[in-house]
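What follows is a short report on a single structure.
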Amino acid sequence: MAAALLPSTDARMHSPLGFACLCFVAIAVAPTRAAEGTPAPSNVGNAAYPRIAADGRVTFRMKAPNAKQVKLEGGAGLVKEAVDMARDESGTWSVTTPPAVPGFHYYWFLVDGLRVNDPASYSWFGWGRETGGIDVPEPGVDFYAARHDIPQGAVRAQWYRSKITGQWRRAFVYTPPGYDDSRARYPVLYLQHGAGENERGWVEQGRANFILDNLIAAGQARPMILVVDTGYAVHAGNVDGTGTNRSAATAAYESVMLQELIPLIDGKYRTKKTREHRAMAGLSMGSGQTLNITLRHLDTFAWIGAMSGAPRQGFEVATAYDGAFRDVAAFNKKVKLLWFGAGTAEERVHASTVAVHEALERAGIRNVFYSSPGTDHEWQTWRRSLHDFAPRLFR
């Protein structure tokens with residue numbers, strides 16, 4: 001609580017000179033909303049909270065008059081561990097975080113031990129469920145912002161029935177500005193999300209379409225089609241393919257991608273259908289899927305990107321990925337780009353990625369390493385990664 005000077009109710013007095021004066025008393029007042037910043041763009045309707053301050057502090061509020069304890073929990077860039085919230089006389093609980101790392105962070109409340117989403121905020125799909133999220137601006141950075149002064153591409157929902165899984169699936173397809181008004185054909189980037197997320201992630205949290213719009217408008221990236229599908233796929237009839245077993249839950253994805261998704265996109269959209277015009281990249285779990293699929297199918301892909309997900313142990317250049325790197329000259333001739341990236345705050349992932357990059361360099365395999373300063377295993381790392389990776393494609 002801050003102290004402020006306010007006039008007392010009985011403070012009107014007369015000075016020796018006969019002039020009236022006001023005496024002031026100090027009382028404690030709560031911080032004003034203005035001091036707490038402005039409402040987050042992700043708030044529902046006209047909800048006043050959460051609020052983001054200019055220095056990156058975030059103030060959360062939740063009314064739960066019958067709760068005995070409420071805590072805030074979320075991504076590492078927002079809070080390192082669960083933080084107790086304070087209750088006021090009306091039963092509203094609140095907390096203000098230290099300045100957060102810029103970028104998108106998942107968060108939720110623990111109300112007497114029960115995980116609850118913030119009713120004042122929209123939700124995203126992450127951590128294997130619908131959950132809250134907040135996007136803390138990075139000062140002076142707008143490469144992932146929606147802009148009205150440049151041409152914009154379109155994001156389409158492409159549903160398809162998979163014979164491999166026996167289920168309907170949905171992919172999001174970004175087509176670049178001018179796609180509907182031209183007859184041109186475009187290269188394709190297939191982009192994978194991480195564990196606990198789905199096909200919504202790269203568009204909603206990652207803002208991939210805006211990143212590409214801005215890069216294309218600036219002439220820094222070639223116009224391309226972007227495809228984001230869910231990396232979870234279980235063979236039809238496999239009752240063990242649950243979200244708790246990642247290997248089972250993703251076992252059918254390689255077949256779905258190679259046998260169904262790529263032919264579908266090439267059939268419905270104006271694509272350039274050769275391997276030289278096809279890229280794949282992913283983050284975390286999606287990075288592992290990317291490396292496993294592309295390096296074993298170099299007849300299909302020529303551009304490869306691994307974000308926050310290089311092999312962590314047991315990596316041997318000569319034997320990895322069924323010997324994909326064994327013939328150095330052949331690999332360097334065939335693969336147009338092998339790209340690795342990680343955030344410096346995701347320390348173990350960053351270290352393992354550097355180790356793989358350096359091992360490949362010593363072996364003579366051309367590859368690129370990108371380091372995102374100060375960011376953890378969160379979306380600001382991956383937004384920056386796409387911003388670095390996309391301009392290198394299809395050159």
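Read-outs throughout are calculated quantities, based only on the coordinates presented, and are distinct from any laboratory measurement. Treat the numbers as computed from the prediction; the structure is a model and nothing was measured. So basically every Cβ, Gly included, is an ideal-geometry build from the backbone, and we count neighbours across all protein chains shown.
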### Query
Taking the simple approach of a point 7 Å from Cα along Cα-to-Cβ for both Ala145 and His235, what is their distance in nm?
5.0 nm
### Message
Students often get this wrong, so check it: of Lys163/Lys333; Lys163/Lys272; Lys268/Lys336, which have C-alpha atoms separated by over 29 Å?
### Response
Lys163/Lys333
### Task
Would you mind pulling out the separation of the Cα centroids of the stretch 47-110 and the stretch 127-179, in Å?
27 Å
### Message
Could you sort the peptides 76-83, 223-230, 177-184, 194-201 by per-residue average Cβ neighbour count (10 Å cutoff), highest mean leading?
### Response
223-230, 194-201, 76-83, 177-184
### Query
For the chain, what are the per-bin percents of Cα-Cα distances with bins 10 Å wide, up to the bin holding the maximum?
5, 20, 27, 23, 13, 6, 3, 2, 1, 0
### Message
I want to make sure I understand the PRE zone here: with the label point 7 angstrom from the Cα of Asn332 toward its beta carbon, which residues in the stretch 358-395 have backbone N atoms less than 14 Å away?
### Response
360-368
#### Entry: Lys, Arg +1 and Asp, Glu -1 on Cβ, resulting dipole of the chain about Cα centre, debye, nearest 20
1180 debye
### Message
Full-extension gain between Gln69 and Thr274, please, as 0.36 nm times their residue separation minus the C-alpha to C-alpha distance.
### Response
68.0 nm
### Task
As a check on your grasp of the helix formula, calculate [θ] at 222 nm for the chain: sum -39500 (n - 2.57) over DSSP H runs of n ≥ 4, divide by the residue count, round to the nearest 500.
-5000 deg cm²/dmol
### Message
If you fit an axis through the alpha-carbon atoms of helix 379-389 and take the longest principal axis of the Cα set of the chain, what angle between them do you get, 0 to 90°, nearest 10?
### Response
40 degrees
### Query
Can you put Trp379, Trp339 in order, fewest other beta carbons within 10 Å first?
Trp339, Trp379
### Task
May I ask you to compute the full-extension gain from Arg129 to Asn46, defined as 0.36 nm times their residue separation minus their alpha-carbon distance, rounded to one decimal in nm?
27.4 nm
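Over the chain, calculate the relative contact order: mean separation of alpha carbon pairs under 8 Å at least 6 apart, over the residue count, as a percent.
Relative contact order for the chain comes out at 11 percent.
Taking the Cβ of Asp88 as the center, what net charge do the other residues with Cβ under 12 Å away carry, scoring Lys and Arg +1 and Asp and Glu -1?
+2
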### Within straight-line cross-link reach of Lys71, lysines at Cα separation under 24 Å, skipping those fewer than 8 residues along the same chain
Lys63, Lys80
### Cα shape, the stretch 47-177, gyration tensor, a/c 1.5 rule
oblate
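Arrange the following residues from fewest to most other Cβ atoms within 10 Å of their Cβ: Arg362, Arg222, Arg312.
Final ranking by Cβ density, sparse to dense: Arg362, Arg312, Arg222.
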### Task
For every other residue with a beta carbon closer than 12 angstrom to the beta carbon of Arg169, add +1 if it is Lys or Arg and -1 if Asp or Glu, then tell me the sum.
0
### Task
Work out how much length Ala218 to Ser255 would gain on full extension: take 0.36 nm times their residue separation and subtract the Cα-Cα distance, in nm to one decimal.
9.7 nm
### Query
Can you sort Met307, Met285, Met280 by how many other beta carbons sit within 10 Å, fewest first?
Met285, Met280, Met307
### Query
Against the longest principal axis of the chain, how steep is helix 285-294, in degrees 0 to 90 to the nearest 10, with axes from Cα atoms?
10 degrees
#### Entry: Net +/- balance of residues flanking Arg129 in space, Cβ distance below 15 Å, scoring K and R +1, D and E -1
-3
### Rounded FRET efficiency, nearest 0.05, which uses the C-beta distance separating Ala154 from Ala35 and R0 of 51 Å
0.80
